[in-house]
Amino acid sequence: MSDLDKTGSNEPRNDAAPKRPSSHRRVATIAAGASLFMLGMSFAAVPFYKMFCAATGYGGTPRVAKEEAATRGKRTLTVRFDANVGGGIDWTFEPEIPSMRLRTGDTATVFFKATNHSKHAVTGIATYNVAPDQVGSYFNKISCFCFTEQTLGPGETAELPVVFFLDPALEKEESMDLVQSLTLSYTFMPDKQKSSPVTAASDPGKANL
């Protein structure tokens, strides 16, 4: 039997799959667009993430309370205070006391002191956290200076208060049974857009001495 009889056609065979360059380009474009979209959404989600953490205590972020605790608990824990600076800000920053003993449900006020050692006004913003992470759901801030611009002039010192309490509900949480102490930590970073040198002489016609 001839080759023509075997194949039933005298057309040349081509077993290679057809190339579709336009389809590959379309897939690559869609993938790149999706990546850019996800990147943009990640930046847009930062404020919402902060609000979520403040409302739930997720990731060791203290919760925001509008009023004091309604009841007083039974446990007493040690609350330690940690103060840090970063981003090259020329400040000293420290708590007035290193730690305190606090009963759940009791409201406490602690001051942190910040001093600007530079020769010009500097604006700083403080971030905060509580460790260990599971305490964040029970650490309630009534007021504090976090995420609020603090501008200090040359050599100026400010005392910044934090008002908070530990929710008595932590006594019912199994993961808190072995927790005897916690740490409230703040870090001041410079807001470089708001910090600028000031001239020593108020009169522009007078030479600086």
Would you mention how many residues in segment 87-104 are surrounded by 13 or more Cβ atoms within 10 Å (Cβ to Cβ) and closer than 17 Å to T127 by Cβ?
5
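Looking at segment 113-130 only, could you name the residues that are surrounded by fewer than 20 Cβ atoms within 10 Å (Cβ to Cβ) and out of contact with any helix residue (DSSP H, G or I) (no Cβ under 6 Å at 6 or more places or on another chain)?
K113, T115, H117, S118, K119, H120, A121, T123, I125, T127, Y128 - these are the residues of segment 113-130 that are surrounded by fewer than 20 Cβ atoms within 10 Å (Cβ to Cβ) and out of contact with any helix residue (DSSP H, G or I) (no Cβ under 6 Å at 6 or more places or on another chain).
When the residues of segment 146-186 are narrowed to those that are among the aromatic types (F, W, Y) and at pLDDT 95 or above, which ends up farthest from L77 (Cα to Cα)?
Y186
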So for segment 138-151 (the condition being farther than 15 Å from N84 by Cα, in contact with a helix residue (DSSP H, G or I) (Cβ under 8 Å, 6 or more places away or on another chain) and surrounded by 20 or more Cβ atoms within 10 Å (Cβ to Cβ)), does at least one residue qualify?
yes
Find the residue count for segment 102-140, including only residues that are touching a Lys or Arg at 6+ places or on another chain (Cβ under 7 Å) and either among the β-branched types (V, I, T) or within 29 Å of D90 (Cα to Cα) (or both).
2
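The values are calculated or read from the model by the stated rules, or taken from the named source; none is laboratory data. Owing to the predicted nature of the structure, the values given are computational and were not obtained by experimental measurement. Using ideal geometry, Cβ is built from the backbone for each residue, glycine included, and neighbour counts are taken over all protein chains shown.
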